[in-house]
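Student: The following block contains the structure, expressed as structure tokens.
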Amino acid sequence: MTRQCPKCGKPASKSKPFIDGFCTHCYFERHPLIVLRRDPEAKICPRCQAYYAGGRWVHQITQADKDHLFDMVCSLLDSVFTPSQPASFEVQLQELPEGPQAKAKKLLVDVIAQAEDHSYKEQKVVTIPIIPTLCNQCRQSAGGYFEAVVQIRTSAGKLTESQTDQIAEFISNRLIASDLPLTSVKMAETRGGFDIKCITGRLGRTLAKNLAETFGLTQKVSSKVVGRSREGKNLRRDTYSLRFPLIQVGDVIIFKDSPFRITGLRNGRYILTNLVAEQRETLSPKDLSELEADFLNDEIQTFQVISVEGDIVQLMNQEDYSVYDFPRPERELPIGSMVSAIEWNKRLVLLPKEEEPVTEDGTE
């Protein structure tokens, strides 16, 4: 006798076996795959577009808007799906709110479930309401609250445009690498430099350390009480004072009674090259800032290589066009190239090139 589904009357077959006495269709009508343990809701920060999932805020950083929302939907639905049978799920956003400050109140999501042990698919549109909620960082930033300040100054009056741009880019890259929103810091230009207000003390401490090592800055730290928490604990604010030394890469100075050029910065220490002995020494930013040295920058002259014959190189001064015979150095000097030199003890001394910038992992 052929078995029949007690609900729809369809007979059983080898290709369509019954499940608990019912045909596949009727069984999954009573035991659907797309079952939500609770209604999902999306908490999205209206300022930085971070979303709340798994007990933490997930920031957008470098992702496209669609990818960011898709990850959020997957995280939310994974935590609420309770299928009656083992199944795989495919989700797709029906429409995407346009613009970073989208005013959408809900997300419509197409969900397709495929039973793992049966040839059955189920499709459903799930509505996820959007609840605008400021993330922790944006809430603190909006309230003007910050735990640390990084002050960047220079011993030579005012930061150059290049220094300002490099530091701003460095901070932006640091935030991206640390999965923190740009609202975690607030940069304000001041006379001679700028201040970086950091939401957390840990962020301020890390930024100060990385800036000091990368740009060769001296560092001083101070702390003060700025209030009390609801629990009665003192709230402290750390201030990190970073300063560029007066002597910078490219400067030529008299050090240990010899001419030296600051040729680079590596692993947080300045590299000094002896122009006569062609030997290197290193100094910390603190030691360099305390160094009392005479500058020879005004003595630097520019020469053009006009000939190379044997062990002699002829150099032409670009100011008065006088010609000097110079012993051929180890480094290559192509004809027509320009070199810099100073006069020391009545003879010319070539200046070495500045080193290429070095990243923190030591690669150029």
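Student: From the list Thr200, Thr154, exactly one residue is of a type in the set (Val, Ile, Thr), closer than 25 Å to Arg139 by Cβ and surrounded by 13 or more Cβ atoms within 10 Å (Cβ to Cβ). Which is it?
Tutor: Every option except Thr200 fails the conditions.
Results for (1) at pLDDT 90 or above; (2) among the basic types (Lys, Arg), shown as yes or no for each residue.
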{"residue": "Asn267", "(1), (2)": "no, no"}
{"residue": "Leu272", "(1), (2)": "yes, no"}
{"residue": "Ala293", "(1), (2)": "no, no"}
{"residue": "Gln314", "(1), (2)": "yes, no"}
{"residue": "Arg328", "(1), (2)": "no, yes"}
{"residue": "Ile335", "(1), (2)": "yes, no"}
{"residue": "Glu343", "(1), (2)": "no, no"}
{"residue": "Thr359", "(1), (2)": "no, no"}
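Student: Could you run through the range 79-117 and say how many residues are in a loop (DSSP other than H, G, I, E, B) and modelled with pLDDT of 85 or more?
Tutor: Residues flagged as in a loop (DSSP other than H, G, I, E, B) and modelled with pLDDT of 85 or more within the range 79-117 amount to 0.
Student: Six or more apart or on different chains, Cβ atoms under 6 Å: show the pairs whose first residue is in the range 154-173 and aromatic (Phe, Trp, Tyr) and whose second is part of a helix (DSSP H, G or I) and surrounded by 11 or more Cβ atoms within 10 Å (Cβ to Cβ).
Tutor: none
Student: Restricting attention to the range 207-238, report how many residues are outside any loop (DSSP other than H, G, I, E, B) and crowded, with 16+ Cβ neighbours inside 10 Å. Working first, answer last.
Tutor: The first filter runs over the range 207-238 and keeps only residues outside any loop (DSSP other than H, G, I, E, B), leaving 207-215, 218-228, 234-238.
This time we only want the ones that are crowded, with 16+ Cβ neighbours inside 10 Å, so: 207-208, 211-215, 218-219, 237-238.
Adding up the residues that qualify gives 11.
Student: Phe28 fails exactly one of the following numbered conditions: (1) modelled with pLDDT of 80 or more; (2) touching a Pro at 6+ places or on another chain (Cβ under 7 Å). What is the number of that condition?
Tutor: Only one criterion is unmet by Phe28, namely (2).
Student: For the range 191-213: of the residues being in contact with a strand residue (DSSP E or B) (Cβ under 8 Å, 6 or more places away or on another chain) and β-branched (Val, Ile, Thr), which is nearest to Thr160 (Cα to Cα)?
Tutor: This residue is Ile196.
Student: Scan the range 282-292 residue by residue and report those that are in a strand (DSSP E or B) and not hydroxyl-bearing (Ser, Thr, Tyr).
Tutor: Leu283
Student: Quick one: which residue in Leu211, Leu175 is modelled with pLDDT of 90 or more and farther than 14 Å from Glu147 by Cβ?
Tutor: Going through Leu211, Leu175 in turn, just one is modelled with pLDDT of 90 or more and farther than 14 Å from Glu147 by Cβ: Leu211.
Student: I'm trying to understand the selection: among the residues of the range 219-237, which are at pLDDT 90 or above and either among the aliphatic types (A, V, I, L, M) or in contact with a Lys or Arg (Cβ under 7 Å, 6 or more places away or on another chain) (or both)?
Tutor: Result: Val221, single match.
Student: In the range 159-206, which residues are within 24 Å of Val225 (Cα to Cα), polar (S, T, N, Q) and in a helix (DSSP H, G or I)?
Tutor: Result: Thr183, Ser184, Thr206.
Student: Hey, another quick one. Scan the range 301-311 for residues that are surrounded by 12 or more Cβ atoms within 10 Å (Cβ to Cβ) and over 12 Å from Val349 (Cα atoms) and jot them down.
Tutor: Answer for the range 301-311, where residues must be surrounded by 12 or more Cβ atoms within 10 Å (Cβ to Cβ) and over 12 Å from Val349 (Cα atoms): Gln304, Val305, Ile306, Ser307, Val308.
Student: Gly157 - would you say it is closer than 23 Å to Ser289 by Cβ, modelled with pLDDT under 90 and more than 22 Å from the chain's Cα centre (by Cα)?
Tutor: yes
Student: Select from the range 45-62 the residues that are crowded, with 17+ Cβ neighbours inside 10 Å, within 22 Å of the chain's Cα centre (by Cα) and in a strand (DSSP E or B) and list them in ascending order.
Tutor: Hits for the range 45-62 are Tyr51, Tyr52, Trp57, Val58.
Student: Name the residue that is farthest from the chain's Cα centre (by Cα), counting only residues in the range 128-151 that are at pLDDT 85 or above and surrounded by fewer than 15 Cβ atoms within 10 Å (Cβ to Cβ).
Tutor: Pro129
Student: Could you run through the range 256-281 and say how many residues are assigned to a strand (DSSP E or B) and closer than 26 Å to Thr214 by Cβ?
Tutor: Within the range 256-281, residues that are assigned to a strand (DSSP E or B) and closer than 26 Å to Thr214 by Cβ number 15.
Student: Inspect all residues belonging to the range 242-264 and state whether any of them is basic (Lys, Arg), within 24 Å of Leu296 (Cβ to Cβ) and touching a Gly at 6+ places or on another chain (Cβ under 8 Å).
Tutor: Taking every residue of the range 242-264 in turn, at least one turns out to be basic (Lys, Arg), within 24 Å of Leu296 (Cβ to Cβ) and touching a Gly at 6+ places or on another chain (Cβ under 8 Å).
Student: Right, next: Scan the range 274-295 and report the pairs whose first residue is under 20 Å from Thr218 (Cα atoms) and whose second residue is part of a loop (DSSP other than H, G, I, E, B) and of a type in the set (A, V, I, L, M, F, W, C), with Cβ atoms within less than 6 Å and a gap of 6+ or a chain change.
Tutor: Pro285/Leu217; Leu288/Ile247
The values are calculated or read from the model by the stated rules, or taken from the named source; none is laboratory data. Quick caveat, the model's predicted, so the values are computed rather than measured. Cβ sites come from the backbone with ideal geometry, for glycine too, and all protein chains shown count toward neighbours.
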